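Presented below is the structure to which this report refers.
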Amino acid sequence: MKQRKELKEVIEKILGSSLEMSVIHDTEEDKLKSEFLATIDLFEKVWKRQNHLEDEMGLDFSTYDDDFFKVIEGIIHFSFAPAASEAILFYIYSRYDEEDKLIPFVDVDGEEHLMANSEDLWEYLLYLTDQMMLNN
């Protein structure tokens, strides 16, 4: 990180103006991760919005939104292995209890996994992928 800052300063001196630097995702995995995290975060935002409208304002849009959630869930089931689908849907729908306390996802082996954010979910899915490869 320090090297990047030093490089930026040198280039700014050469050009004589300020410069904005950003990291370009180098690998397809980085791009996939970025897209996955953005999609999961958006899915969670929509789910929270629906719950907020119902809990805080008494507006029940569940019959309207239900079909959208079913489509998303179907795509998840078609796109991921059953264990991964279960983890993703747990992450969105069930990872907090009634007091908004984070609860762990319990996998088929009885192991607990806390997923505080979409990055934690991504890491768990990588863990699952590694486990599947080891078992094959």
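The values are calculated or read from the model by the stated rules, or taken from the named source; none is laboratory data. These numbers were taken from a predicted model, which means no experiment stands behind them. No Cβ is skipped: glycine too gets one built from the backbone with ideal geometry, and neighbour counts run over all protein chains shown.
Structure above, values below:
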| quantity | calculated |
| --- | --- |
| Which numbered condition V108 misses (of (1) in a helix (DSSP H, G or I); (2) more than 13 Å from the chain's Cα centre (by Cα); (3) of a type in the set (A, V, I, L, M, F, W, C); (4) closer than 25 Å to Q131 by Cβ) | (1) |
| Extreme residue, surrounded by the fewest Cβ atoms within 10 Å (Cβ to Cβ), among residues of region 53-102 that are more than 14 Å from L121 (Cβ to Cβ) and in contact with an Asp or Glu (Cβ under 6 Å, 6 or more places away or on another chain) | D60 |
| Lone unmet requirement of (1) farther than 18 Å from V46 by Cβ; (2) in contact (Cβ under 8 Å) with a residue 24 or more places away in the chain for Y91 | (1) |
| For Q50: the one exception among (1) under 22 Å from L121 (Cβ atoms); (2) among the polar types (S, T, N, Q); (3) exposed (fewer than 10 other Cβ atoms within 10 Å of the Cβ) | (3) |
| Selection within region 1-54 - modelled with pLDDT of 85 or more and among the acidic types (D, E) | E28, E29, D30, E35, D41, E44, E54 |
| The listed residue being within 17 Å of F36 (Cβ to Cβ) and among the polar types (S, T, N, Q), out of S79, S94 | S79 |
| Search result, residues across region 120-135 that are among the charged types (D, E, K, R) and either under 13 Å from A87 (Cα atoms) or touching a Cys at 6+ places or on another chain (Cβ under 8 Å) (or both) | D120, E123 |
